Amino acid sequence: MDKEERQYVNSVFEKDCWLDIVAKGSWERITIKNKSGDTIASFPIYKARYMGFKTLKIPPFTQTLGIYMEDTGAKLCKRLEREKKLINQIIEKIPPGYNCDFSLDINNQYILPFIWKGFKVQPRFSYRLEGLNDLEQIWKDFKENIKTDIRKAGKKVEIKKSKDLDVLIDMQNKTFARQNRKAPFNIEELKKLDDMLQKCNARELLYAVDESGNVHAATYFVYDENRCYYLMSGGDPNYRNSGATSLLVWEGIKHAAGRVNIFDFEGSMIEDIERFIRGFGAQSRVYYNVKKLNFILSFVEYMKPKIKKLIGYK
């Protein structure tokens, strides 16, 4: 991935090669340049339809799309003053007539300019392990039940790498089948994304298999220059108690330690998933969802959690 692309992004999710696949030509990059023509701020946007209305959203497989802002090394007061100006310029360039519903990168912590411009801002939570060079300390910080699962799984399964995405897709399908749901993603898009990531040496697929050849679970990790992301996983309901997923995450952390210094669990607003992630001793980190919706979409968003609760959807 070329130098210029790395310079103007916060994460792998904002790179051209990622967005060209997941956003399928429906994205563009808002840029702010200085007087010399150099890019000093950049914000990729994905144009989609939601309930028939034009909306800027987060594309599939993507955690966040943030505003990259050049670091000038200025003092905090000067930095925030500059960020306010750049964010306002970005907002002014958002295409007219679009609703907004996107999540900013964790680097975008100064969100007051969005509030002042009438956006609704809500916190979301990710979990990160930082300082992967000290794996001994990371292991010590795991909850005891996670350690127990890892030890138990280590006696039952072997961890293997795979270039074949089908093992992950099979585990994902079994996971969603147990929940009486269909996988909420396009398999062909995922395969195209995987092909690109393999060519860039930016992914790792691990799976756990027992001596009888039964696959218990699979996990999928994505890399950029700074972070490893726990993008997705799936498991066979018949082996839910084998501890395989915990072991796979631990192996993913150890592999990541050889390449980067941050392991990003991406977090979840679902209580059971959050509890599992928290057990690895990761730090809670806040990132922000930013919305500006018309009346109809605002009503839909208001009713959605109530309907989910009524039908028992998690």
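The values are calculated or read from the model by the stated rules, or taken from the named source; none is laboratory data. Here the structure is a predicted model, which means the values were calculated and not measured. Here the Cβ positions follow ideal geometry from the backbone for every residue, glycine too, while neighbour counts run over all protein chains shown.
Considering region 128-163, and only residues there that are closer than 12 Å to TYR207 by Cβ and within 22 Å of the chain's Cα centre (by Cα), the residue that is surrounded by the most Cβ atoms within 10 Å (Cβ to Cβ) turns out to be SER162.
Okay, residues lined up against (1) at pLDDT 95 or above; (2) under 21 Å from LYS160 (Cα atoms); (3) surrounded by 23 or more Cβ atoms within 10 Å (Cβ to Cβ):
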site	(1), (2), (3)
SER233	no, yes, no
PRO237	no, yes, no
ARG240	no, yes, no
VAL249	yes, yes, yes
HIS255	yes, yes, no
ILE262	yes, no, no
ILE273	no, no, no
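Mind listing whichever residues of region 232-256 are part of a helix (DSSP H, G or I), in contact with a strand residue (DSSP E or B) (Cβ under 8 Å, 6 or more places away or on another chain) and of a type outside the set (Phe, Trp, Tyr)? Talk me through it step by step, then tell me what you get.
Taking region 232-256 first, the residues part of a helix (DSSP H, G or I) are 237-239, 244-256.
Filter once more, keeping what is in contact with a strand residue (DSSP E or B) (Cβ under 8 Å, 6 or more places away or on another chain): 239, 244-245, 247-249, 251-253, 255-256.
The answer is ALA244, THR245, LEU247, LEU248, VAL249, GLU251, GLY252, ILE253, HIS255, ALA256.
Checking the conditions here, which among SER212, SER242 is over 21 Å from ILE106 (Cβ atoms), touching a residue at least 60 places away in the same chain (Cβ under 8 Å), small (Gly, Ala, Ser) and not assigned by TED's automatic domain parsing to the domain that holds GLN63?
Only one candidate qualifies: SER242.
For LEU197, the conditions (1) crowded, with 20+ Cβ neighbours inside 10 Å; (2) touching a residue at least 40 places away in the same chain (Cβ under 8 Å); (3) of a type in the set (A, V, I, L, M, F, W, C) are fulfilled apart from (2).
Just give me the residues in region 90-117 being part of a helix (DSSP H, G or I), loosely packed, with under 15 Cβ neighbours inside 10 Å and touching a residue at least 24 places away in the same chain (Cβ under 8 Å), in sequence order. Break it down stepwise before answering.
Within region 90-117, the subset part of a helix (DSSP H, G or I) is 90-92, 112-116.
If we keep only those that are loosely packed, with under 15 Cβ neighbours inside 10 Å as well, we get 92, 112, 115-116.
LEU112, the sole residue that qualifies.
So that you can scan it fast, the table gives a plain yes or no per residue for (1) in contact with a Ser or Thr (Cβ under 9 Å, 6 or more places away or on another chain); (2) closer than 30 Å to LEU231 by Cα; (3) of a type in the set (Phe, Trp, Tyr); (4) at pLDDT below 95:
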| position | (1), (2), (3), (4) |
| --- | --- |
| PRO44 | no, yes, no, no |
| ALA48 | yes, yes, no, no |
| LYS57 | no, yes, no, no |
| THR64 | yes, yes, no, no |
| GLY73 | no, no, no, yes |
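Give me a count of the residues in region 182-231 that are assigned to a loop (DSSP other than H, G, I, E, B), touching a Ser or Thr at 6+ places or on another chain (Cβ under 9 Å) and under 20 Å from SER268 (Cβ atoms). So the answer is 1.
Quick one: which residue in LYS84, LYS47, LYS75, LYS57 is surrounded by 21 or more Cβ atoms within 10 Å (Cβ to Cβ) and either closer than 24 Å to GLU28 by Cβ or assigned by TED's automatic domain parsing to the domain that holds PHE119 (or both)? It would help to see each step written out before you state the result.
Numbers: LYS84 fails: surrounded by 21 or more Cβ atoms within 10 Å (Cβ to Cβ); LYS47 fails: surrounded by 21 or more Cβ atoms within 10 Å (Cβ to Cβ); LYS75 fails: surrounded by 21 or more Cβ atoms within 10 Å (Cβ to Cβ).
From the options LYS84, LYS47, LYS75, LYS57, the qualifying one is LYS57.
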